[in-house]
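The structure appears right after this line, and notes come after that.
The values are calculated or read from the model by the stated rules, or taken from the named source; none is laboratory data. Quick caveat, the model's predicted, so the values are computed rather than measured. Counting neighbours? That spans all protein chains shown, and the Cβs are built from the backbone with ideal geometry, glycine included. Heavy atoms of the whole protein, side chains included, go into the accessibility calculation; ligands, DNA and RNA do not. Shrake-Rupley method; radii C 1.70, N 1.55, O 1.52, S 1.80 Å.
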Amino acid sequence: MREIAVVAFHQSDCLAQAGVANEVELIMPQLRAVFDQVNLTNAQDVDFVCSGSCDYLQGAAFAFVAGVDALGAVPPIKESHVEMDAAWALYESILKIRMGQAESALIYGFAKSSPGELPIVLSQQLDPYYLAPLWVDTISLAAMQARLMLDQGIIAERDMAAVVSRSRRNAMSNPHAQLHGELSVEAILGEETLVSPLRRADCAPIADGAAAMIICTVEKAKAWGVPYALISGIDHRIETHNLGMRDLTDSPSTRQAAQAAGMDRGAVDIAELYAPFSHQECLLVRALGLKDETAINPSGGVLAGNLMMASGLSRVGEVFQRIIAGEASRGIAHATSGPCLQHNLVAVLESA
Amino acid sequence: MSESQDNVTGMEAPIYLQYNFTAGRAPTRFLTRIKQGVLTGQRCPQCANVYIPPRGSCPACGIATEEEVVLPDKATVQSFTIVAIPIPNNPIKPPFVIANLVLDGANISFIHLMSECENADVHIGQRVQALWKPEAEWTYAMDNIRYFRPIDEPDVPVDMIGKVPVTGPATNPGRAE
């Protein structure tokens, strides 16, 4: 099977409000940055383009089509889109390369979440007969999940606060983070709950922005003469939409995806986990069986800044950048979608 | 379960979501200027094509557009159709003309209405000019221009449509800054 190399990644700052910028204006600087990393002119120089976005977030119909204006699609290009996080656009692109239909691919994800009420907007991804009409928001669903974990003694509120505290501290070295700084466990536990038992700091902030990545075959990476990291495995699994049928204190889909992606075939130096709520990081660490030798979310993770439809791709990008920088030789990136970690993707990255 | 029941063929589940929508930087600039009666495009720094209305990028080159270009309100018909069916809730009565127009100094067309013309005489290459609404009615909208109407200028050859330079003073009703 053809080996896949990541050769470029860039993401925007996580902005609480990107002002009047439209999707094209959010995407273009990220595309320019990844093209420059590999010395490419525009999307004509890659074989395939795939993006991830969701028009519901900003309430702009066909924003994902408008995004193509950022690419340079004259003459026409091979392009695809997933109404999902761009981590799944990465997955599609990897399949495209492995099938021999492309040597290289540009992947990008973007969202303006600030124009709408994100937790309410996301309620409309639920079952349309029973749940969506109730407008059950994502924070409330996550709060019920946290309550289950606390009640069963799997975690304590102090564990959740420790996740937040570490996220904010790690994010101090992440120039794109939205929330960063020293915040003690005691200070967090002293805050009022937002949706019990979740405090505001337990929930990822709402942000606008975009991220982009270029992948290719190893042969292409060598031809381009740029540093690269290998994606040695990637897999994704989904659980039933019926929340009542799931064990919300575990994530078997994440565990299966990690096994299929080959996580256990070597040491895991770093893990970038897409946990929009603090208790979900605890849950994912347990589900994956990660040990102390694995640095969890050295970027600060999405609790420090969450670009909907791009944060999953950014997890892969964060691991890529640390491997390129020599800070790690092997790591995993996780992406999630749906309520309470319903759908999960795990990628394993290794130094070349 | 032998109890008979009606088929459920529908249920009420209205969706209402509120957004603080923004037009984008380039469209915001365009809309602000058209409210002043000025047509403003953007030029690609690479291929030099002028786009109006602008979206902040050159879709052909995939690069950001910054330079603004004020354009006149004279245009050339690139293509057209005569619509014989009414548009629901639209005051325009058929048959009316929808045309792909290229402003002088611009390189891509936009769609607008044509009127004050014999529909049968409308043709590709025809020269037209905007008829603006009264200034008091100008807002952030393309229909500040009520429609385009023919003017007495020679036709533009087909291969020159989209390549017509700006000649003479812009005849926009608004004020250029």
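Structural remarks
- Note on chain B: the C-alpha convex hull projects to 17.0 nm² when averaged across all orientations.
- Fraction of beta bridges assigned by DSSP in the stretch A:261-352 that are antiparallel (%, nearest 5): 60 percent
- Stokes-Einstein D (µm²/s) once Rh is taken as the Kirkwood radius of the stretch A:150-212 over alpha-carbon pairs, at 20 °C in 1.002 mPa s: 168 µm²/s
- For the peptides B:42-53, B:136-147, B:86-97, the ranking by mean Cβ contacts within 10 Å, running from highest to lowest, is B:42-53, B:136-147, B:86-97.
- Once all protein chains are placed together, A:ARG237 keeps about 90 Å² accessible to a 1.4 angstrom probe.
- When its C-alpha radius of gyration is set against 2.2 N^0.38 Å (N residues), the stretch A:172-288 gives a value of 1.37.
- Distance between the stretch B:1-75 and the stretch A:96-163 - C-alpha centres, whole angstrom: 28 Å
- For chain B, the longest principal axis of the Cα atoms and the long axis of helix B:25-34 meet at an angle of about 70 degrees.
- Apportionment of accessible area to carbon and sulfur, the protein assembly as shown, percent (1.4 Å): 53 percent
- The stretch A:91-164 shape via C-alpha gyration tensor axes, a/c threshold 1.5: prolate
- Only protein heavy atoms count here; on that basis, with a 1.4 Å probe, A:PHE62 has an accessible area of about 130 Å².
- Distance cut-off 13 Å, percentage of C-alpha pairs in the stretch A:1-75 lying past it: 73 percent
- log₁₀ of I(q)/I(0) at q = 0.21, 0.27, 0.31 Å⁻¹ - the stretch A:190-238, Debye sum with one point per alpha carbon: -0.86, -1.01, -1.13
- Relative pair counts by distance (%), Cα atoms of the stretch B:1-58, 10 Å bins: 18, 26, 16, 11, 11, 9, 8, 2
- Solvent-accessible area lost on pairing A with B (1.4 Å probe, both sides summed) amounts to about 2200 Å².
- For the stretch A:39-125, the spread of Cα positions along the three principal axes, ordered from largest to smallest, is 41, 25, 20 Å.
- Hydrodynamic radius of the stretch B:11-112 per Kirkwood, over alpha carbon pairs, in Å: 16.0 Å
- Bridging of B:LYS163 to lysines at a Cα separation below 20 Å is possible for B:LYS74, once same-chain residues fewer than 8 apart are set aside.
- Measuring how big the stretch A:198-352 is from its alpha-carbon positions, Rg and Dmax come out at 15.3, 51 Å.
- Put a plus charge on the Cβ of each Lys and Arg, a minus charge on the Cβ of each Asp and Glu, and nothing anywhere else: the dipole of chain A about its Cα centre is then about 500 debye.
- Segments A:125-131, A:172-178 sorted - mean Cβ within 10 Å per residue, highest first: A:172-178, A:125-131
- Unit Cα scatterers, Debye sum, the stretch A:1-147: log10 I(q)/I(0) for q = 0.12, 0.18 Å⁻¹: -0.58, -1.07
- Of the whole protein surface, A:MET99 contributes about 120 Å² of accessible area at a 1.4 Å probe radius.
- Range of Cα positions in the protein assembly as shown per principal axis (Å), largest first: 83, 68, 53
- Measuring between their Cα centroids, the stretch A:1-27 and the stretch B:83-147 lie 39 Å from each other.
- Per residue, the protein assembly as shown exposes 44 Å² of accessible surface when a 1.4 Å probe is rolled over the protein heavy atoms with every protein chain present.
- Legend: mean number of C-beta atoms from other chains within 10 angstrom of residue C-beta atoms, peptide B:62-73, equals 3.
- Packing rank of A:11-23, A:334-346, where each peptide gets the mean count of other beta carbons within 10 Å, highest leading: A:334-346, A:11-23
- Per-residue shielding of A:57-65, expressed as the average number of other chain Cβ atoms within 10 Å of the residue Cβ, stands at 2.
- Debye log10 I(q)/I(0) for the stretch A:262-352, one point scatterer per Cα, at q = 0.20, 0.25 Å⁻¹: -0.89, -1.39
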